[in-house]
Amino acid sequence: MDTYVDSREAWNNPTLAKKGEARLDAAGKFRISVFGIGYVGIVSAACLARDGHDVVAVDVNQDKVNLLNRGLPPIVEPKLAERIRSVVRAGRLKATTDSLAAVSSTDISLVCVGTPSQDNGSLETSFVSRVAQEIGESIRNTTNFHSVVMRSTMLPGTMENIVIPILERTSGKRACQDFGVAYLPEFLREGTAIADHDDPGTIVIGVDNDPLTLRRLLKLHAHFSAKPCILSIRGAEAVKYANNAWHATKISFANEMGLLCKAMGVDSHQVMNVLVADKKLNISPAYLKPGFAFGGSCLPKDISALRYAGRNADIDTPLLDAVLQANENQIQSAFRLITATGKRRVGLIGLSFKPDTDDLRYSPMLEIAERLIGRGYQLAIYDSNVRLSRLTGVNRDHLTSRLPHIACLLREKMSDLASFAEVLVVGNRKEFLKNSSILKGHDKIIIDLVRIAPERQTGSDYRGICW
Ligand SMILES: NC(=O)c1ccc[n+]([C@@H]2O[C@H](COP(=O)([O-])OP(=O)(O)OC[C@H]3O[C@@H](n4cnc5c(N)ncnc54)[C@H](O)[C@@H]3O)[C@@H](O)[C@H]2O)c1
């Protein structure tokens, strides 16, 4: 997903240099159109003008335009009124309904129009399409390199499938050659929008093969302490949704825990204060990498117990219910990836519920093995921690007495698996990497549940579960 682009290309690109763009950007100040004087657009416009850029705010709503030109804010937002008053007075922020005039007098357009939900939940893109058409028509006869930067929240692919085609059709020009395109998601929150703008938690720039637009956006954000993350346009579109889904999930999780805590006679705020104090496992990147299902002796059992406690107290736990359902979905997804290969001889790399343990309790790899056996697949399994020669005592007894149908499939060496299987299912990254030289040269399909290498792309002989 990441496409890190060297912004110095813009300086060295003769076409761009000919257009005088290098000179224009050297001062670090831009002429910017902001489309949409709503909650996002007005904050961006006022803050960019405060940073010294010349800003024209464009809206179809004449009342908003009039208000802004009188130095008045069209929305309620702390600290916004003062900021607007000072930049309008200084002549750095103006408003208009004339999109053609705005685009032709500026170098960058930031588009912040609404993308509301339709009745069926789908995204309303008509406002974005309308603005793309207006900008496209406006840049048809311009000679400067205009960068069209979308800020509205849009599903991955909207830039590629809707916005860029409209811009190209209406301008008669090529994106990234004759004009720039980028996606710059907005993360501000209403009520703290100015503070969020001045000190953003994250800055994400989505750009594909457009070094000049990238360079412009890097300059616009150069004074912030947050370092911009540069992604593909699609990646940046997706990041915005991942953020909002994460925030919504956090809120519902806290609320559901609150209801459960109350029912169990516990102060929920005390519990959550302690939870967030753990920066190693709780408020951290831990457990936030897409991959395979969870298992083990704790998570499935403890979620089940909490749901049971909720039921006893007449408390619904839809989020915890969905957590188990989502985990089951992940096992089904892996199973479907395996069966879709059409091969019958399958090798599993890893059997315990995670690396560096022999614990098989609630292991999702064990579940995969059971399902494959049930469907008549031929199976072999390698896990250096779950070898009969290595296991002793209770674990060995458990395996041979309770899981004899699995015990007989365990292989002592990875090479045994390599010579047997047509498909290798990797559920333990360490085991795979440790033995990758043994697997080299073998003509296998790899089903990757653990992201063995970030550069590997799903294709005929390699399929990643979430990538
Ligand atoms: N509100 C937030 O807190 C927030 C935060 C981050 C991202 N976003 C996203 O930013 C986008 C804008 O959200 P908002 O809350 O500012 O929307 P909003 O509805 O407050 O403002 C949209 C503005 O766009 C104007 N507009 C519509 N068509 C236009 C056109 N053709 N030309 C010029 N202006 C036009 C409307 O008149 C309106 O003033 C959405 O995609 C939203 O999901 C919103």
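Of note:
- Candidates in the stretch 226-272 are the residues that are among the β-branched types (Val, Ile, Thr) and under 26 Å from the mean Cα position of the chain (by Cα); of these, the one that is nearest to ASN209 (Cα to Cα) is ILE233.
- Any hit, the stretch 139-146, residues being β-branched (Val, Ile, Thr), away from the ligand (no atom under 12 Å from the Cβ) and surrounded by fewer than 19 Cβ atoms within 10 Å (Cβ to Cβ): yes
- Among (1) surrounded by fewer than 15 Cβ atoms within 10 Å (Cβ to Cβ); (2) on the phi > 0 side of the Ramachandran plot - the single one TYR362 does not satisfy: (1)
- The sole residue among THR249, THR341 that is of a type in the set (S, T, N, Q) and surrounded by 15 or more Cβ atoms within 10 Å (Cβ to Cβ) is THR341.
- Any hit, the stretch 231-243, residues being crowded, with 20+ Cβ neighbours inside 10 Å, closer than 28 Å to HIS53 by Cβ and among the charged types (D, E, K, R): yes
- Residue satisfying condition, being more than 12 Å from the ligand (Cβ to nearest atom) and more than 20 Å from HIS53 (Cα to Cα), within set ARG130, ARG169: ARG169
- Where strands (runs of 3 or more DSSP E) fall wholly inside the stretch 79-166, no range has 2 or more residues that are not assigned by TED's automatic domain parsing to the domain that holds ASP210.
- Residue in the stretch 120-127 that is more than 11 Å from the ligand (Cβ to nearest atom), at pLDDT 95 or above and charged (D, E, K, R) present: no
- Test: residue in the stretch 397-413 that is surrounded by fewer than 18 Cβ atoms within 10 Å (Cβ to Cβ) and closer than 30 Å to SER460 by Cβ: yes
- Where strands (runs of 3 or more DSSP E) fall entirely within the stretch 394-467, those with at least 1 residues that are at pLDDT 95 or above and among the hydrophobic types (A, V, I, L, M, F, W, C) are at 423-426, 445-448.
- For the stretch 25-44, the set of residues classified as out of contact with any Pro (no Cβ under 9 Å at 6 or more places or on another chain) and within 11 Å of the ligand (Cβ to nearest atom) consists of SER33, VAL34, PHE35, GLY36, TYR39, VAL40, GLY41, VAL43, SER44, listed by residue number.
- Of all residues in the stretch 85-106, none are within 15 Å of the ligand (Cβ to nearest atom), within 23 Å of the chain's Cα centre (by Cα) and surrounded by 14 or more Cβ atoms within 10 Å (Cβ to Cβ).
- Within the stretch 185-207, the set of residues being farther than 23 Å from THR158 by Cβ and not charged (D, E, K, R) comprises GLY191, THR192, ALA193, ILE194, ALA195, HIS197, GLY201.
- Total residues in the stretch 302-337 satisfying the condition of being among the basic types (Lys, Arg) and surrounded by 12 or more Cβ atoms within 10 Å (Cβ to Cβ): the figure is 1.
The values are calculated or read from the model by the stated rules, or taken from the named source; none is laboratory data. This is a predicted model, so every value here is computed, not measured. No Cβ is skipped: glycine too gets one built from the backbone with ideal geometry, and neighbour counts run over all protein chains shown.
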